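Student: Got a structure for you, written out below as structure tokens; questions coming shortly.
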Amino acid sequence: MPTEVQNIWTRILAEAANECERDHQISIFLEQHILRYDNFGDALAMLLSVKLGSKHFPPLVLQVLFEDFYRHCPDQVENAACDLVATQERDPAAVYYFEIMLFLKGFQALQAYRLAHWLWKNGRKTMAYFIQNRISEVFAVDIHPAAVIGKGILLDHATSLVIGETAVVDDNVSILHEVTLGGTGKETGDRHPKVRKSVLIGAGAKILGNVVIGEGAKVGAGSVVLDDVPPHYTVVGVPAQIVGKTEVPEPSLDMNQRVDAARRETGENP
């Protein structure tokens, strides 16, 4: 296990052990989900299989699938660790790593998508669709298995998030709830948005069509984006319009969803 992942896992173990001392009623749950495991990947495989399993597809079968995935793709354990750190650094409600891992469905849905994407790339499309369906049912998150998503991703709250088949989300992007990265109709082929590094997408934003959201851009909450957004610019409204440059190079890390500064730059009233 890479040093960074090992360090994160060591911290998760310490956090869980401290919580067991503080609240004995949660100790059995933490023992079953964290403290009994030797590494992050095995614990994550068990957690996700229990979340996604059902009477028609037992968790133990899914656990074997997740373990196989992490064995063949150890970099995906590293990606999960990056997502964990991104969530803790950007979400003020996410204080402890072990709580993010166990209770934040945006993080969990993203890790389950990563399995579905691996299955899709390896020709196991029916199984990939099954995982997608369970993610939608359990987490209210709908990510097509063919979509390409980088690492260091924050899916904050994540409820009603939709990401289409040909969408691409680069590294270090932050996306809030009720966001759609969708198409514009019945067109086929490459038809979904491409979101570049360090973009912040506010709650309820709809980005439709094969458009590019440039690196370091910011999309205001509730906006409908139908055209490309230049790098390091803020767009707001229905349809979305440019209101100025972003205040910082990486809005996804800053998580400031206000657009007052951008409006002042263009001479508009806030």
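The values are calculated or read from the model by the stated rules, or taken from the named source; none is laboratory data. Nothing here was measured: the structure is a model prediction, and the numbers come from that model. Positions of Cβ are backbone-derived with ideal geometry, glycine not excepted, and every protein chain shown enters the neighbour counts.
Student: Go through the range 134-156 residue by residue and tally those that are more than 19 Å from Ile100 (Cα to Cα) and of a type in the set (A, V, I, L, M).
Tutor: Residues meeting the conditions: 5.
Student: Continuing with this model, one more query. Could you grab me the full set of residues in the range 143-162 that are assigned to a strand (DSSP E or B) and either farther than 12 Å from Ala205 by Cα or not assigned by TED's automatic domain parsing to the domain that holds Asn256 (or both)?
Tutor: Ile143, Val148, Ile149, Leu154, Leu155
Student: Additional query: Take Gln76 and tell me if it is over 20 Å from Glu19 (Cβ atoms) and part of a helix (DSSP H, G or I).
Tutor: yes
Student: Checking Tyr113 against (1) within 19 Å of Gly189 (Cα to Cα); (2) surrounded by 23 or more Cβ atoms within 10 Å (Cβ to Cβ); (3) of a type in the set (Phe, Trp, Tyr), only one condition comes out false. Which one?
Tutor: Checking Tyr113 against (1) within 19 Å of Gly189 (Cα to Cα); (2) surrounded by 23 or more Cβ atoms within 10 Å (Cβ to Cβ); (3) of a type in the set (Phe, Trp, Tyr), the one that fails is (1).
Student: Would you confirm whether any residue within the range 120-136 is assigned to a loop (DSSP other than H, G, I, E, B), in contact with a strand residue (DSSP E or B) (Cβ under 7 Å, 6 or more places away or on another chain), closer than 27 Å to Gly209 by Cα and in contact (Cβ under 8 Å) with a residue 60 or more places away in the chain?
Tutor: no
Student: Continuing with this model, one more query. With the structure loaded, tell me whether Val50 is of a type in the set (A, V, I, L, M, F, W, C), assigned to a helix (DSSP H, G or I), at pLDDT 95 or above and within 24 Å of Gly150 (Cβ to Cβ) or whether it fails that test.
Tutor: Taking the combined requirement at face value, the residue does not satisfy it.
Student: Here is a follow-up. Residue under question is Pro249, and the condition is that it be modelled with pLDDT of 95 or more and out of contact with any Gly (no Cβ under 8 Å at 6 or more places or on another chain); does it hold?
Tutor: no
Student: Out of the residues in the range 31-42 meeting the condition of being assigned to a helix (DSSP H, G or I) and either in contact (Cβ under 8 Å) with a residue 12 or more places away in the chain or on the phi > 0 side of the Ramachandran plot (or both), tell me which one is farthest from the chain's Cα centre (by Cα).
Tutor: Among them, the one singled out is Leu35.
Student: Give just the number: which of (1) more than 25 Å from Ala94 (Cβ to Cβ); (2) surrounded by 22 or more Cβ atoms within 10 Å (Cβ to Cβ); (3) at pLDDT 95 or above; (4) in contact with a Phe, Trp or Tyr (Cβ under 9 Å, 6 or more places away or on another chain) does Gly214 not satisfy?
Tutor: Failed condition: (2).
Student: Kindly indicate the residue of the range 163-193 that is β-branched (Val, Ile, Thr) and under 11 Å from the mean Cα position of the chain (by Cα) and also surrounded by the most Cβ atoms within 10 Å (Cβ to Cβ) among those meeting that condition.
Tutor: Checking each candidate, the answer is Ile175.
Student: Hey, Ala86 hits all of (1) surrounded by fewer than 19 Cβ atoms within 10 Å (Cβ to Cβ); (2) out of contact with any helix residue (DSSP H, G or I) (no Cβ under 7 Å at 6 or more places or on another chain); (3) touching a residue at least 24 places away in the same chain (Cβ under 8 Å) but one; which does it fall short on?
Tutor: Only one criterion is unmet by Ala86, namely (1).
Student: Just checking, does the range 222-233 include any residue being among the β-branched types (Val, Ile, Thr), more than 25 Å from Thr159 (Cβ to Cβ) and at pLDDT 95 or above?
Tutor: No: zero hits.
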